[in-house]
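Input: a single structure, listed below in structure tokens.
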Amino acid sequence: MAGRYDRNPFDDEEVNPFANPGSVPPATNSRLSPLPPEPADFNYDRGATIDIPLDTAKDLKKKEKELQAKEAELKKREQELKRREDAADRAGIVLEEKNWPPFFPIIHHDIANEIPIHLQRLQYVAFMTWLGLVVCLLWNIVAVTTAWIKGEGVTIWLLAIIYFISGVPGAYVLWYRPLYRASRTESALKYGRFFLFYLIHIGFCIFSAVAPPIIFKGNSLTGILPAISLLGDNALVGIFYFIGFGFFCVESLISCWVIQQVYMYFRGSGKAAELKREAARGAVRAAL
């Protein structure tokens, strides 16, 4: 029978630290393993240094200098552009950006924003007369082409092409653009130029509506006289010429109304006296 105070075999073995090391049995049943040693600078890499190559730092400084130089150049260009715009504004020069027609801009045209409101209606009607001239000369090509096919000769067709090529841009440059700029800047000289060339325009429309047999028997223009003469030979060609005659008549009537209204405004606003004074000063400068 075991003794009352027999030793518990599951108790940890007691080790006397003062005993002889050779006589202490090894601790074979130790439950905890020793922790690995930690490095002296264990601070979660807070003290770690990042090595940046010197070449990379130099490249960054070089790129920074290049960007600063480009920025300075852009500022210089902006200042120069602003200086030119201010000089143009002081000189009364308006930068015209092509915006009409919208699908293929070839001219600058902005009546709603650039023309005074009391002149906008008149300017729109004047623009209609320019577009009307385009329609008249284009239809003239169609009618003359029909006459050429029916045996009238190629000469009248070439003349019709010349009328269109020279008449459309010529009308815009000679009388519509001067009227547009005169309405925008209230310039008396531009009004005078408009009156001169617009009278020529009205004369051409009246001449085309009649088309007397002066140049190639008048068949290069769709007037009343060639329409009557061609109606007996070929009804289709005669009808085309009568339509052209109607176009030129409407264009002449509207153009006469436009020049009358512009002249009334020109006289009522005192531009006539200003034009006389400017013409007199120009004559004096030319004489001197």
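The values are calculated or read from the model by the stated rules, or taken from the named source; none is laboratory data. All values reported here derive from a predicted model rather than from experimental measurement. Positions of Cβ are generated from backbone atoms using ideal geometry, with glycine treated the same way; all protein chains shown enter the neighbour counts. These area figures cover heavy atoms from the full protein model, side chains too; ligands, DNA and RNA do not enter into them. Shrake-Rupley method; radii C 1.70, N 1.55, O 1.52, S 1.80 Å.
Just to be sure I understand, how many residues within region 36-63 are at pLDDT 70 or above and open to solvent by 100 Å² or more (accessible area, probe 1.4 Å)?
Count: 5.
Condition test on residue 218, is it in contact with a Ser or Thr (Cβ under 8 Å, 6 or more places away or on another chain) and within 22 Å of residue 142 (Cβ to Cβ)?
The answer is no for residue 218.
Could you check region 235-251 and list, in sequence order, the residues that are in contact (Cβ under 8 Å) with a residue 40 or more places away in the chain and either over 14 Å from residue 211 (Cβ atoms) or not hydrophobic (A, V, I, L, M, F, W, C) (or both)?
Correct list: 236, 241, 244, 250, 251.
Please go through (1) modelled with pLDDT of 80 or more; (2) on the phi > 0 side of the Ramachandran plot for residue 92 and return the number of the only condition it doesn't satisfy.
Residue 92 satisfies all of (1) modelled with pLDDT of 80 or more; (2) on the phi > 0 side of the Ramachandran plot except (1).
What number of residues within region 172-215 are in contact (Cβ under 8 Å) with a residue 40 or more places away in the chain and either outside any helix (DSSP H, G or I) or in contact with a His (Cβ under 6 Å, 6 or more places away or on another chain) (or both)?
Number of matching residues: 2.
Going by the structure shown, is residue 167 closer than 18 Å to residue 136 by Cα and free of Cβ contacts under 8 Å to residues at least 12 places away in the same chain?
For residue 167, the condition - closer than 18 Å to residue 136 by Cα and free of Cβ contacts under 8 Å to residues at least 12 places away in the same chain - is not met.
Cβ-Cβ distance below 7 Å, separation of 6 or more or different chains: which pairs start in region 103-129 with a residue that is on the phi > 0 side of the Ramachandran plot and end on one that is open to solvent by 30 Å² or more (accessible area, probe 1.4 Å)?
From region 103-129, no pairs qualify.
Test residue 251 against the stated conditions and say whether it is modelled with pLDDT under 95, of a type in the set (Asp, Glu) and surrounded by 14 or more Cβ atoms within 10 Å (Cβ to Cβ).
no
I'm trying to understand the selection: among the residues of region 165-219, which are open to solvent by 60 Å² or more (accessible area, probe 1.4 Å), of a type outside the set (Phe, Trp, Tyr), in contact with a Gly (Cβ under 8 Å, 6 or more places away or on another chain) and farther than 26 Å from residue 113 by Cβ? Reasoning before the result, please.
The initial filter retains those residues of region 165-219 that are open to solvent by 60 Å² or more (accessible area, probe 1.4 Å), namely 165-166, 169, 174, 177, 181, 185, 189-190, 193, 196, 199-200, 204, 206-207, 210, 213-217.
From what's left, of a type outside the set (Phe, Trp, Tyr): 165-166, 169, 174, 177, 181, 185, 189-190, 193, 196, 199-200, 206, 210, 213-215, 217.
Going one step further and asking which of them are in contact with a Gly (Cβ under 8 Å, 6 or more places away or on another chain), we end up with 185, 210.
Matches in region 165-219: 210 only.
Kindly indicate the residue of region 95-126 that is part of a helix (DSSP H, G or I) and of a type in the set (A, V, I, L, M, F, W, C) and also surrounded by the fewest Cβ atoms within 10 Å (Cβ to Cβ) among those meeting that condition.
Once the filter is applied, the top-ranked residue is 117.
Those residues that are touching a residue at least 24 places away in the same chain (Cβ under 8 Å) and either in a loop (DSSP other than H, G, I, E, B) or open to solvent by 70 Å² or more (accessible area, probe 1.4 Å) (or both), I need them from region 220-232; list them, please.
The answer is 220, 221, 222, 223.
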